[in-house]
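The values are calculated or read from the model by the stated rules, or taken from the named source; none is laboratory data. This one's a predicted model, so the numbers in the text were calculated from it and none came from an experiment. A quick note on method: Cβ atoms are made from the backbone with ideal geometry, for glycine too, and the neighbour counts reach across all protein chains shown.
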């Protein structure tokens, strides 16, 4: 019983943190946030943030990602974010299996997925959530959605050489 309540409390904390970050980014009249909310980076960040937060508390992250992903996504952007996350991972899975897309697209999706995971892992390792900060927008997702974290800097090897 107490384990269930603790897991539910963790899921609620994750949902509240992500909701605050996404809500603030989308209501700031920031066009970048509106474009980036549906990106593979954001989707992989959300999944990794949920999974790694549960792992940090001693639970099987993948198991509870499966159990709480829809609830967390619906708590952030009801009836939309879960579909976006699912669509991004379906595209990645299809490219990875060779059923859709090109090798180039698979490479792009892998880099974006890895970047989102790294950003989330960093935040969880630092316990970089809003409940532990006096100022808002202090984690990597907030930086990414607001445009303060440049996509080009996430993938420096894909940039053309500077002349």
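Among residues of region 135-163 that are under 22 Å from residue 16 (Cα atoms), those with a Cβ under 7 angstrom from a residue that is in a helix (DSSP H, G or I) and at pLDDT below 70, sequence gap 6+ or separate chain, pair up as 136/130.
Would you confirm whether or not region 22-42 contains a residue that is modelled with pLDDT of 90 or more and within 20 Å of residue 125 (Cα to Cα)? Looking for residues that are modelled with pLDDT of 90 or more and within 20 Å of residue 125 (Cα to Cα), one finds at least one in region 22-42, hence yes.
Rundown of residues vs (1) more than 23 Å from residue 150 (Cβ to Cβ); (2) touching a strand residue (DSSP E or B) at 6+ places or on another chain (Cβ under 9 Å); (3) surrounded by 17 or more Cβ atoms within 10 Å (Cβ to Cβ), yes/no style:
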site: 27; (1), (2), (3): no, no, no
site: 31; (1), (2), (3): no, no, no
site: 46; (1), (2), (3): no, no, yes
site: 52; (1), (2), (3): yes, no, yes
site: 61; (1), (2), (3): yes, no, yes
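Exactly one residue out of 148, 71 is assigned to a helix (DSSP H, G or I) and modelled with pLDDT under 95, and it is 71. All told, residue 82 falls short of being farther than 19 Å from residue 109 by Cα and not in a loop (DSSP other than H, G, I, E, B).
For region 83-101, check the following and say yes or no: at least one residue is surrounded by 14 or more Cβ atoms within 10 Å (Cβ to Cβ), modelled with pLDDT of 95 or more and under 26 Å from residue 3 (Cα atoms). No, region 83-101 contains no residue that is surrounded by 14 or more Cβ atoms within 10 Å (Cβ to Cβ), modelled with pLDDT of 95 or more and under 26 Å from residue 3 (Cα atoms).
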